[in-house]
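Peer 1: Dumping the structure here so I can ask a few things about it.
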Amino acid sequence: MKIGIIGKNWVGKTTLLKTILWELKPLYWWIWIHEKVSIWSYSQIADDLDFNATICEELIGPWVSYREMMAYLWALRIDQEKADQKIWLLSWWERSKVALAKMLLAHPDIVVMDEPTNHLDLSSKEAVKEMLEWFNGVRLIVSHDRDFLEATTEILRVIKEWKLTVFHSFERGFNEIIN
């Protein structure tokens, strides 16, 4: 499934994602996710990175080779010379790209993305769209970027007046927010 979530500011989009990720406890219901399901999230502030590590140190691991890491970085338009640079020296949009690469290199079953295009330039946004084409798992994406959602999701869920409504037509879903 490729699900986009939209709504006006302060209606609970991020709260919904945090509840799904068990960062917040549900108030009125419960969520059960099988223990073998791997869920990774992408934060718009890249707060899960070790800023004192180099990109290589952060991304290469038992299941990630240097070659695979470089393929992802190349797709995100990060030069090979930066691979040995400390993350704290990177710009915000470069950190965002490293966080995205880290999430996708984990090969999760589900990705949860909160405003993934906020700190990205246009070419990086296009690269993220391409990378998500490679991803075969479930996508749950909150964004105000209509172009990005139309390219990366198939179902639109709209939060309005404390209700979550499903729209299979992006036009109808976005019109619902305006009205």
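The values are calculated or read from the model by the stated rules, or taken from the named source; none is laboratory data. None of the values given here were measured: they were computed from a predicted structure. Here Cβ is always computed from backbone atoms with ideal geometry, including for glycine, and neighbour counts include all displayed protein chains. Areas reflect the complete protein model, heavy atoms only, side chains present, ligands, DNA and RNA absent. Shrake-Rupley method; radii C 1.70, N 1.55, O 1.52, S 1.80 Å.
Peer 1: When the Kirkwood hydrodynamic radius is evaluated over all pairs of different C-alpha atoms of the chain, what value in angstrom, to one decimal, is obtained?
Peer 2: Working: mean 1/r = 0.0585 Å⁻¹.
Roughly 17.1 Å, rounded to one decimal.
Peer 1: With only alpha-carbon atoms in the gyration tensor, what are the semi-axes of the equivalent ellipsoid for the range 83-168, in Å, largest first? Don't jump to the answer; show the numbers that get you there.
Peer 2: Details: eigenvalues 131, 42, 29 Å².
Equivalent ellipsoid semi-axes, largest first: 26, 15, 12 Å.
Peer 1: Taking the Cα centre of the range 3-121 as origin, sum charge times position over the Cβ atoms of Lys and Arg (+1) and Asp and Glu (-1), and report the length of that vector in debye to the nearest 20. Working shown, then result.
Peer 2: Details: 12 positive and 16 negative charges, 77 e Å.
Using Cβ point charges on Lys, Arg, Asp and Glu, the range 3-121 gives about 380 debye.
Peer 1: Which of these, Leu21, Leu73, Leu104, has the largest mean-square fluctuation under a Gaussian network model of the chain (Cα springs below 10 Å)?
Peer 2: In the Gaussian network model the winner is Leu21.
Peer 1: Leaving ligands, DNA and RNA out of it, report the carbon-plus-sulfur percent of the accessible area of the chain at a 1.4 Å probe. Mind showing how you got there, number by number?
Peer 2: Values: 5770 of 10480 Å².
The computed percentage sits at 55.
Peer 1: Take the cross-link list Lys25/Lys163; Lys125/Lys163; Lys82/Lys129; Lys102/Lys163 and give me the ones stretching past 27 Å between alpha-carbons. The partial results should precede the final answer.
Peer 2: Values: Lys25/Lys163 19 Å; Lys125/Lys163 29 Å; Lys82/Lys129 22 Å; Lys102/Lys163 33 Å.
Over 27 Å apart, Cα to Cα: Lys125/Lys163; Lys102/Lys163.
Peer 1: Let's see if you can work this out: charge +1 on each Lys and Arg Cβ, -1 on each Asp and Glu Cβ, no other charges. What is the dipole magnitude of the range 59-116 about its Cα centre, in debye to the nearest 20? Don't skip to the end; give the middle numbers.
Peer 2: Working: 7 positive and 8 negative charges, 27 e Å.
In debye, rounded to 20, the range 59-116 gives about 140.
Peer 1: Which residue, Met131, Leu76, Leu164, has the largest displacement toward the positive end of the dipole of the chain when charges sit on each Cβ (Lys, Arg +1; Asp, Glu -1)?
Peer 2: Among Met131, Leu76, Leu164, the one farthest towards the positive end of the dipole of the chain is Leu164.
Peer 1: Please report the net charge: other residues with Cβ closer than 15 Å to the Cβ of Leu156, K and R +1, D and E -1. Can you show the working numbers first?
Peer 2: Details: positive: Lys2, Lys8, Lys13, Arg139, Arg146, Arg157, Lys160, Lys163, Arg172; negative: Asp145, Asp147, Glu150, Glu154, Glu171, Glu176.
With Lys, Arg at +1 and Asp, Glu at -1, the neighbours total +3.
Peer 1: May I ask you to give the solvent-accessible area per residue for the range 1-93, in square angstrom, as obtained with a 1.4 angstrom probe?
Peer 2: Numbers: 6470 Å² over 93 residues.
Value for the range 1-93: 70 Å² per residue.
Peer 1: Still on this structure: Put a dot 7 Å past each Cα toward the Cβ at Lys2 and Glu171; how far apart are the dots in nm?
Peer 2: Between Glu171 and Lys2, the simple spin-label model gives 2.0 nm.
Peer 1: I would also like to ask the following. Using a/c under 1.5 as the rounded threshold, could you call the range 17-100 rounded, prolate or oblate? The axes a ≥ b ≥ c are square roots of the C-alpha gyration tensor eigenvalues, and prolate needs a/b larger than b/c, oblate otherwise.
Peer 2: Prolate, since a/c reaches 1.5 and a/b exceeds b/c.
Peer 1: If you don't mind, there's one more thing I want to ask. Given springs between every Cα pair under 10 Å in a Gaussian network model of the chain, which of Leu140, Leu100, Leu27 has the largest fluctuation?
Peer 2: Sorting by GNM fluctuation, first place goes to Leu27.
Peer 1: Once both labels are modelled 7 Å past Cα along the beta-carbon direction, what's the Thr19-Phe51 spacing in nm?
Peer 2: Output for this residue pair reads 3.2 nm.
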